[in-house]
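Note sheet for the following structure.
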Amino acid sequence: MTITSLKNAFSVEGKNVIITGGTQGLGLAMADGYAELGANVAITGRNAEKGAKALAGLREKYPNAKIEYYQADQTKQEDAQAVIDAFVQDFGKIDVLINNAGAGGGDDAIGYIKDNFENWNRVIALDLTAYFMMACMAAEKMKDSGGGSIINITSNAALTVNKPQKMVNYSTAKAGANHMTEMLAWEWAEYGIRVNAIAPGYFRTDLEIPELTDIWRSYTPTGRFGEPIEVAALAVYLGSEASEQMTGAILVIDGGYILAN
Ligand SMILES: NC(=O)c1ccc[n+]([C@@H]2O[C@H](COP(=O)([O-])OP(=O)(O)OC[C@H]3O[C@@H](n4cnc5c(N)ncnc54)[C@H](OP(=O)(O)O)[C@@H]3O)[C@@H](O)[C@H]2O)c1
């Protein structure tokens, strides 16, 4: 629908939203933001204890919102399908999918030979293939219900070299997810499905590593880490009607990091 007024254009009230890996960090901030604005939200994650805690916290804060947690390892096809099926059963249609569950880790890639490339395969499986699987499964439902919005949380690491850590696995997976975003945006526009990416820089989450924090901050023109709620604001925009003409976009939110590096 094309907006004719800005009055309710940014509303996500009543929208049904799945956020993978929403039990902490950026995912939890997005779940919080959507729930605060009246959306119905499901979060996923592997650790059931962490999931129960996040769910209880969100439900306490937003007693009128419909919020669920599904335990899932998003790299497993059967878990991903179970999330989609449970969500459709509990909520009805899917309006927004946020592919967020991601992780890095690794070291100099020459060392990957010793671990049979486990460090490569693990990160590609989570940060790229799992995003693709969930996108396909959600799109199948969105196509039937007239459309939807898919948001892939990638990284500015997909667009530049983040220093000084070595992380070719993570940066490559995120770069793949960015181009996957562009391809799917084109391929699924005819179904009314929009596909966009948010590429964050450094945010105040568990990602903070004491010996690197000052270095990363010094490379960031705004001089600070982002706050998770700032990613949530962008995710709400991409899930709302205000962004109906936006698809295939890679929205960088990194305090100017890639401009200066
Ligand atoms: N934080 C940043 O500054 C930053 C910067 C750029 C990009 N990003 C991207 O933003 C996303 C979120 O980052 P974050 O820092 O908020 O991460 P985080 O704090 O490590 O949280 C990751 C979330 O994903 C879940 N998760 C991890 N592996 C999973 C799996 N296999 N299946 C299902 N859930 C899984 C975790 O729960 P369980 O452990 O219970 O599974 C947790 O809820 C990631 O894609 C990351 O690459 C973050």
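Every condition in (1) without any contact (Cβ under 8 Å) to a residue 12 or more places away in the chain; (2) within 12 Å of the ligand (Cβ to nearest atom) is met by residue 158 except one, and the failing one is (1).
Listed residues 251, 184; which is free of Cβ contacts under 8 Å to residues at least 60 places away in the same chain, more than 13 Å from the ligand (Cβ to nearest atom) and more than 30 Å from residue 110 (Cα to Cα)?
Only one candidate qualifies: 184.
When you look at residue 40, is it surrounded by 18 or more Cβ atoms within 10 Å (Cβ to Cβ) and either among the charged types (D, E, K, R) or under 27 Å from residue 245 (Cα atoms) (or both), yes or no? Taking the combined requirement at face value, the residue satisfies it. Restricting segment 112-134 to residues that are under 13 Å from residue 101 (Cα atoms) and more than 14 Å from the chain's Cα centre (by Cα), the residue that is farthest from the ligand (Cβ to nearest atom) is 124. Residues of segment 202-261 that are hydrophobic (A, V, I, L, M, F, W, C), closer than 18 Å to residue 27 by Cα and touching a Phe, Trp or Tyr at 6+ places or on another chain (Cβ under 7 Å): 203, 225, 231, 236. Taking segment 70-102, which residues are small (Gly, Ala, Ser) and surrounded by 13 or more Cβ atoms within 10 Å (Cβ to Cβ)? Selection gives 72, 80, 82, 86, 101, 102.
Which pairs do you get when a residue that is touching a residue at least 12 places away in the same chain (Cβ under 8 Å) and more than 14 Å from residue 243 (Cβ to Cβ), found in segment 1-28, comes within reach of a residue that is basic (Lys, Arg) and within 16 Å of the ligand (Cβ to nearest atom), reach meaning Cβ atoms under 6 angstrom, with the pair 6+ apart or on two chains? Sorted first by the residue in segment 1-28, then by its partner, the pairs are 23/50.
Within segment 167-175, can one find any residue that is modelled with pLDDT of 95 or more and out of contact with any helix residue (DSSP H, G or I) (no Cβ under 7 Å at 6 or more places or on another chain)? Yes, there is a match, as at least one residue in segment 167-175 is modelled with pLDDT of 95 or more and out of contact with any helix residue (DSSP H, G or I) (no Cβ under 7 Å at 6 or more places or on another chain).
The values are calculated or read from the model by the stated rules, or taken from the named source; none is laboratory data. Just so it is clear, the structure is predicted and the values come from calculations on it, not from any experiment. Glycine also receives a Cβ, built like all others from the backbone with ideal geometry; neighbour counts cover every protein chain displayed.
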